[in-house]
């Protein structure tokens, strides 16, 4: 158990819908990362938040957005869903202070999204 | 931009045999390097990491990896495979300095390891 929790574990929805994925980081970790794992694209970095602010952005679609709340949990919002959005979405967390010498990320179990 | 190439999407070994999973990276400066393992229906678990210092890094479950700057490689090895090692393995890199890309992990495509009795 990494200490990172994600809910829900599974999500089945229809095209055009909107869903919210939730992540609680490990106690003490200030940074949250979102990744998408699909058969087509592999594991791709989407976005990072550090202490409530966006820190880095990857290949995240405009239909997707995220935020990190004062209690440090994060939500990934996916809207106007398409079949191709079906994937496993992982959240990871790390201490990631500005003085961090390395970037060890601890991954949650993931949320499997199926768009029908 | 950084990139990671894992040679071989599938590797099959016999129990007790040497495990060698290959990873090459492309980066303008030596990055931080990681190996993660993913068991079926689970998240990713860090096996080992290289940041600075000794280039031979030991990780969990008997795995180790060697950073070779001249070859831009970070191959993962285990002297004797166990049935429980069957999983998917991912090599990843991260920038070792600040900037807008700090924190981003770039993953290889993964290598599925099968261990035969």
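Every read-out reported here was derived from the displayed coordinates using simple, explicitly stated rules and does not represent laboratory data. Since this is a predicted model, take the numbers as computed values, not measurements. All Cβ positions, even for glycine, are placed from backbone atoms using ideal geometry, and neighbour counts span all protein chains on display.
Kindly state, to the nearest 0.05, the FRET efficiency for residue A:13 paired with residue A:69, given R0 = 41 Å and r defined as their beta-carbon distance.
The computed FRET efficiency comes out at 0.95.
Contact order, relative form, for chain A: 37 percent (alpha carbon pairs under 8 Å, 6 or more residues apart, mean separation divided by residue count). Counting only other chains, and only Cβ atoms inside 10 Å, what mean value do you get across the residues of A:82-93? For peptide A:82-93, the averaged partner shielding equals 1.
With N residues in the protein assembly as shown, what two-decimal value do you get for its Cα radius of gyration over 2.2 N^0.38 Å? Display every interim value, and only then the final one.
On the way: Rg = 17.5 Å, N = 233, 2.2 N^0.38 = 17.5 Å.
Output field value: 1.01.
Remark: relative contact order (chain B) = 36 percent; criterion is Cα-Cα distance under 8 angstrom and separation of 6 or more residues.
Legend: mean number of C-beta atoms from other chains within 10 angstrom of residue C-beta atoms, peptide B:30-42, equals 2. In this structure, residue A:59 and residue B:14 have a Cβ-Cβ separation that, at R0 = 25 Å, corresponds to a calculated FRET efficiency of about 0.05.
The label-point distance for residue A:41 and residue B:26, in a model that sets each label 7 Å from Cα toward Cβ, rounds to 2.0 nm. Straightening the chain between residue B:52 and residue B:72 buys 5.7 nm, computed as 0.36 nm per residue apart minus the Cα-Cα spacing.
A Stokes-Einstein calculation at 37 °C with viscosity 0.692 mPa s, built on the Kirkwood radius of chain B over Cα pairs, returns a diffusion coefficient of 229 µm²/s. Taken residue by residue and averaged, Cβ atoms of other chains lying within 10 Å of the Cβ of A:106-113 number 3.
Show me, bin by bin at 5 Å from 0, the whole-percent P(r) of chain A based on Cα pairs. Spelled out bin by bin, chain A gives 2, 13, 24, 26, 19, 10, 5, 1, 0 percent.
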